[in-house]
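What follows is a single structure, written as structure tokens, with notes after it.
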Amino acid sequence: MLSVKFFKNIAVISTSVLVLTACQSTKTTSQTTTTTVLTQPKQAEATVATVATLPKDFNINGKIGLTTPQQTGSAFYVWSQKGNNFGIELSGALNAGQTNINYNGQTATLTSAKGEMTADNPEELLLKATGWQAPISQLPYWIMGDTAPSDSQIAKDDNNRLTTAVNGDWTATFTYKDGTLPQRINIAHPDGYKVVLTINHLQ
């Protein structure tokens, strides 16, 4: 079976949008009410229009780094996403050999030379293996620069690119070089957990 210590260093990569809307009254009997409706934030309107049921398909690779209050670790990865399904290949993590993490929309499975572990979803798999959670299901959205269905707060830059997303206690910040897709995502938790994901978007 895969050790808890090892899994802490890699599982979070296997890695959710509360739409921000301005309060508005349905009454139209006064000029004040009409003005309030017309001046609600444009960002809220844009968010409503871009909400997606499923994450976009992608193929990426890069490096994942994890810091916990006890230790740090990193691994190289190749990630293929199609709808809710994904497959991730990890290598170079604590010399443990290749590790595969797969999710078919119903079951999450981690397989390595040390054994296999399954759960109903990625979050449950991480909890089962380590006793703590990370925003795994949000990563497929964030990787493509999109907000996740359960994000509670977001911020965008002048080019309408996602720069910050808050999900529960986790805060993700996004770095871009060129274009609209993030090249790096930093995810932090107030308890001292940090995830750094560098991303190469493949054709």
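Only the coordinates and a few stated rules stand behind these numbers; no lab work does. None of these values were measured; they are calculated from a predicted model.
Observations, loosely collected:
- Span per principal axis, largest first, for the Cα atoms of the range 50-179 (Å): 47, 30, 27
- For the Cα trace of the range 100-155, dividing Rg by the Kirkwood Rh returns an Rg/Rh value of 1.04.
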